[in-house]
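Read through the structure below, which is laid out as C-alpha cells, and then see the notes.
The values are calculated or read from the model by the stated rules, or taken from the named source; none is laboratory data. Keep in mind the model is a prediction, meaning the values are calculated, not measured. No Cβ is skipped: glycine too gets one built from the backbone with ideal geometry, and neighbour counts run over all protein chains shown. Remember, those area values only see protein heavy atoms, side chains included, never the ligands or the DNA or RNA. Shrake-Rupley method; radii C 1.70, N 1.55, O 1.52, S 1.80 Å.
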Amino acid sequence: MVQRLTISLDQEVADAIDAFMGRRGYTNRSEAIRDLVRHALADPAVSEPAAATSVAAVSYVYDHHRRQLASRLANVQHDHHGLVVATTHVHLDHHNCLEVCLLRGDTTAVRGFAEAVLSERDVRYGQLNLIPLAGDGDHGHGQE
Ligand code: NI
C-alpha cells in the first residue's frame, strides 16, 4: 500500500534534494525522498529514543598540513579525554589522514565532541555514527 503525504520544505532543502537526485541519477522525487528517509530511519540515533549515554564512532579525513589542524584536532580529543575511548589514525597518502574516534559517554557530550571536530574547516567526509545505550549504558552482560 502506498500513502500519499504532502510535505513543505524550505527552498534550500528542496534544492539539496534536487542536487542529490542529479548526482545519483534519480528522475523521481518521491523515490529519492523515500530512499533518504529510509536511510535516515536506519540510523539508531534517529529511530531510537534518545538515551542518556551513547557509544559513537566519529570518522573524518583531513589534510594534516593545513593550518595546524592535526594539533587542533588532538587538542579537542585531549579536552574530552574522558569521552574518547580510542582513536585510530591512518596516513592515507602524503597529505591526508583518516581518523576514527570511538567515544563512550553522555550523549550530549558525544554530540558536542562530534560537532567540535566536524565543524573544523578542512575536515572532510565527517560522519558521526551514534548508538544510543539503553538503560544508562548498562545493557546487562548477563547477571552480574
Ligand atoms: Ni596521518
Residue list for the stretch 77-113, filter: over 22 Å from residue 132 (Cβ atoms), within 16 Å of the ligand (Cβ to nearest atom) and not polar (S, T, N, Q):
89, 90, 91, 92, 93, 94, 95, 97, 98, 99
Failed condition for residue 64, given (1) surrounded by fewer than 12 Cβ atoms within 10 Å (Cβ to Cβ); (2) more than 16 Å from the chain's Cα centre (by Cα), with all others met?
(1)
Exactly one condition in (1) open to solvent by 80 Å² or more (accessible area, probe 1.4 Å); (2) farther than 30 Å from residue 5 by Cβ; (3) in a loop (DSSP other than H, G, I, E, B) is false for residue 78; which is it?
(3)
